[in-house]
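**Q** Dumping the structure here so I can ask a few things about it.
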Amino acid sequence: MREAGRINAEALAAARAVIRPGATTGDLNAAAEEVLRKHGCYSPFKGYPGPYPYPASTNVSVNHELVHGIPGKRKLKEGDIVSVDCGCVYEEFVGDAAFTAGVGEISKEAQRLIDTTEGALYAGIEKMVAGNHLGDVSHAIQEYSEGRGYFVTREYTGHGVGRRMHEGPMAPNFGTVGKGIVLKVGMTIALEPMLLVGTEETYVLPDQWTVSSADGSLTAHYEHTIAVTENGPLILTTQGDGSIPRRNSEEKV
Ligand code: MG
Ligand code: MG
């Protein structure tokens, strides 16, 4: 899973590197897909069952699109924010991760949303300690997000991940301290805060996959696959050492 996560991080970095005004959402998908292919991997997103089989290796979701955006010919514009979610299957094990980034210069409000969503992810990861309840993790994400004035979706959640992308347990972005399963060493869970500026309500666009905020307000999404270890949480979907990074943006948020 560590190797799946490392390759997934490389794929996301490749997608991030092509983000600029004029790039298409399909360009981001192609960059990520190329990395997966180079390593002999593939994305579990492709063909994922739904209203029709999911047609791409990544989700690329722009502005009000929260998750599950289908990459294609849409051109990114200066000031947009774009979320990229990618999965990687390496020797039958899965990594799943996502980030949101600005296109060119973005508003302070958009940057604060992005920073808060990333911060909420790390607030949750910090609680991924053996003996904690999953509710402690969910609550930390909720408190961090709502405490800064944002909404978290109730309809889409993080999840266990292993030989399949979506395994139990569900890991919601809201919850109660002391509730839910007790975390044990060896568990691997994808945490994925999905934040919205104006509402927690969402709806699915006519393409039957893309999830949008109900009011058209901005949204952001971050995700890592985490292992619970004897030494605390280990981030698997990274090219780094798996520790929680120190973030300079923390004070600004
Ligand atoms: Mg994902
Ligand atoms: Mg996921």
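Computed from the coordinates by the stated procedures, all read-outs in this text should not be read as laboratory data. Only a predicted model underlies this, so the values are computations on that prediction, with no experimental measurement involved. When we count neighbours, we look across all protein chains shown, and the Cβ atoms used for this are built from the backbone with ideal geometry, even at glycine.
**Q** For segment 106-122, what are the residues that are of a type in the set (A, V, I, L, M, F, W, C) and under 18 Å from His159 (Cβ atoms)?
**A** Within segment 106-122, the first condition is being of a type in the set (A, V, I, L, M, F, W, C), and the residues that meet it are 106, 110, 113-114, 120-121.
Across segment 106-122, the qualifying residues are Ala120, Leu121.
**Q** Test each condition in (1) surrounded by fewer than 24 Cβ atoms within 10 Å (Cβ to Cβ); (2) more than 16 Å from ligand 2 (Cβ to nearest atom); (3) more than 28 Å from Lys179 (Cα to Cα) for Val82 and report the one that comes out false.
**A** Status for Val82: all satisfied but (1).
**Q** Scanning segment 139-167 for residues that are part of a loop (DSSP other than H, G, I, E, B) and polar (S, T, N, Q), which turns out farthest from ligand 2 (Cβ to nearest atom)? Step through it out loud before you land on a result.
**A** Quick first cut of segment 139-167, residues part of a loop (DSSP other than H, G, I, E, B) only: 147-150, 153-157, 161-166.
From the residues that got through so far, the ones that are polar (S, T, N, Q) too are 153, 157.
Values: Thr153: 13, Thr157: 9 Å.
Per the stated criteria, the residue is Thr153.
**Q** Output the residue which, of all residues in segment 128-187 that are without any contact (Cβ under 8 Å) to a residue 40 or more places away in the chain and farther than 29 Å from Arg112 by Cβ, is surrounded by the most Cβ atoms within 10 Å (Cβ to Cβ).
**A** That would be Gly160.
**Q** Taking segment 168-194 as the search range and keeping residues that are within 13 Å of ligand 1 (Cβ to nearest atom) and assigned to a strand (DSSP E or B), which one is farthest from Glu230 (Cα to Cα)? Spell out how you get there, then give the answer.
**A** At the first step, the residues of segment 168-194 found to be within 13 Å of ligand 1 (Cβ to nearest atom) are 171, 189-194.
Applying the additional criterion that residues be assigned to a strand (DSSP E or B) yields 171, 189-191, 194.
Details: Ala171: 21, Ile189: 15, Ala190: 18, Leu191: 19, Met194: 28 Å.
Checked segment 168-194; the qualifying residue farthest from Glu230 (Cα to Cα) is Met194.
**Q** Being at positive phi and within 20 Å of the chain's Cα centre (by Cα) is the filter here, so list the residues in segment 34-48 that pass it.
**A** Gly47
**Q** Another question about this same structure. For residues that are closer than 17 Å to Tyr222 by Cβ and touching a Ser or Thr at 6+ places or on another chain (Cβ under 9 Å), scanning just segment 89-109, find the one that is farthest from ligand 2 (Cβ to nearest atom).
**A** Among those that are closer than 17 Å to Tyr222 by Cβ and touching a Ser or Thr at 6+ places or on another chain (Cβ under 9 Å), it is Ala101.
**Q** Now for a different question. Could you look through segment 183-201, keep only residues that are within 16 Å of ligand 2 (Cβ to nearest atom) and among the β-branched types (Val, Ile, Thr), and pick out the one that is farthest from Gly79 (Cα to Cα)?
**A** Residues of segment 183-201 within 16 Å of ligand 2 (Cβ to nearest atom): 187-195.
Next cut, among the β-branched types (Val, Ile, Thr) only: 188-189.
Details: Thr188: 35, Ile189: 32 Å.
Step by step, filter segment 183-201, then rank; the result is Thr188.
**Q** In segment 135-173, how many residues are out of contact with any Ser or Thr (no Cβ under 7 Å at 6 or more places or on another chain) and among the aromatic types (Phe, Trp, Tyr)?
**A** Number of matching residues: 2.
**Q** Give the residue that is surrounded by the most Cβ atoms within 10 Å (Cβ to Cβ), with candidates limited to residues of segment 211-232 that are more than 16 Å from ligand 2 (Cβ to nearest atom) and in a loop (DSSP other than H, G, I, E, B). Before the answer, list the steps.
**A** First, pick out the residues of segment 211-232 that are more than 16 Å from ligand 2 (Cβ to nearest atom): 212-218, 228-232.
Okay, now just the ones that are also in a loop (DSSP other than H, G, I, E, B), so 214-218, 230-231.
On the way: Ala214: 13, Asp215: 13, Gly216: 12, Ser217: 16, Leu218: 23, Glu230: 8, Asn231: 11.
Restricting to residues being more than 16 Å from ligand 2 (Cβ to nearest atom) and in a loop (DSSP other than H, G, I, E, B), the top hit is Leu218.
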